[in-house]
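The values are calculated or read from the model by the stated rules, or taken from the named source; none is laboratory data. In this text the structure is predicted, and so the values were computed from the model without any measurement. Because the Cβ atoms are built from the backbone with ideal geometry, glycine has one as well, and the counts that use them run over all protein chains shown.
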Amino acid sequence: MKKRALITGASEGIGRELARQLAQKNYSLTLVARNEERLKELVQELKSNDHQIQCADLSTRDGIEQTCQELRRQHYDVLINNAGFGLYSRFSEAEVQEYDQMLSLNCASLMRLSHEFLKNAHPGNALLNVASTLSFLPMAESAVYNATKAFVRSFSETLWYEQKDRGVFVMVLCPGITRTEFFKRAGGRIDQNFPGFLTQTPQTVASLALKELEKRSNPVVISGRMNQWSVFLSRFVPTKTLINLLGHLGHRGQRTKSN
């Protein structure tokens, strides 16, 4: 019998690439996002009748409940919570409703779906939550986003400990700067703002994530050698100095959303 995986934020970026690579591993997929057209395109690309899509806005109660119902309806071997978005702006200059939406999508929906999945998880099942290397770092003009990803990382680390005796593996993935089509659509010029050695492709990030997921050994996975070193070295830099250094990397007014 084929294994089943549900992936949120599957319409683009890392989520889309995770879907491609899991399909190659003969998984039957449920792909969740807001963008129905892009989900249909992905299913056509995967060329299999084993996959299904679910259009849901996980920043809303209805979208969260709709996806929880799917997790109750069908047993899944793997849940990947990838959906999330970031808003880069001075905290006081953005609309507070946008932060409410970010907290709902990045934290509340991930918590609810994780709970629904783990309640009925079997030994050998796995939960993958996607955070960010920014979960380790304070950065000006990204205060709420970084805080939400710090929640995802801390939450997932604790779940790993709680679930390991059940034989259920929990892992948090912390990507760095990843080249996606979304950045271009959003107006971000990632290729000009950052040197190539600091960036990764979604294919590289997804491949690492699934490799580590299969190994079932490391609960926290930081993608990329440079990202690993950045997180390690940040522990030895005074907080004030670190905040000042990272503040220069802020990209005011750029928004990133993953669906």
Check: Considering only residues of the stretch 76-115 that are at pLDDT 95 or above and assigned to a strand (DSSP E or B), which is farthest from VAL144 (Cα to Cα)?
Finding: VAL78
Margin query: Anything in the stretch 35-59 that is assigned to a helix (DSSP H, G or I) and among the basic types (Lys, Arg)? List them, or say none.
Written below: ARG38, LYS40
Check: Going through the stretch 17-27 one residue at a time, which ones are closer than 14 Å to ILE80 by Cβ and not in a loop (DSSP other than H, G, I, E, B)?
Finding: GLU17, LEU18, ALA19, ARG20, GLN21, LEU22, ALA23
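Quick check on this structure: which one of ARG38, ARG4, ARG73 is farther than 26 Å from GLU212 by Cα, surrounded by 13 or more Cβ atoms within 10 Å (Cβ to Cβ) and either basic (Lys, Arg) or modelled with pLDDT under 95 (or both)?
ARG38
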Checklist line | Scan of the stretch 76-112 for residues that are farther than 24 Å from LEU210 by Cβ and among the aromatic types (Phe, Trp, Tyr), ordered by number | finding: TYR88, PHE91, TYR99
Check: Does SER104 satisfy the criteria of being farther than 17 Å from GLN74 by Cβ, out of contact with any Ser or Thr (no Cβ under 8 Å at 6 or more places or on another chain) and among the polar types (S, T, N, Q)?
Finding: no
Next item on the list: Any chance you could count how many residues in the stretch 131-161 are touching a helix residue (DSSP H, G or I) at 6+ places or on another chain (Cβ under 7 Å) and closer than 21 Å to VAL237 by Cβ?
Entry: 17
Notebook entry, point to check: For ILE64, which of the numbered conditions (1) closer than 25 Å to GLU17 by Cβ; (2) touching a residue at least 60 places away in the same chain (Cβ under 8 Å) fails to hold?
Noted result: (2)
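I'd like the residue in the stretch 175-221 that is assigned to a helix (DSSP H, G or I), among the β-branched types (Val, Ile, Thr) and at pLDDT 55 or above and, out of all such residues, is surrounded by the most Cβ atoms within 10 Å (Cβ to Cβ).
If we take residues in the stretch 175-221 being assigned to a helix (DSSP H, G or I), among the β-branched types (Val, Ile, Thr) and at pLDDT 55 or above, then VAL205 is surrounded by the most Cβ atoms within 10 Å (Cβ to Cβ).
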Checklist line | So ILE64, is it in contact with a Pro (Cβ under 6 Å, 6 or more places away or on another chain), assigned to a helix (DSSP H, G or I), of a type in the set (A, V, I, L, M) and on the phi < 0 side of the Ramachandran plot | finding: no
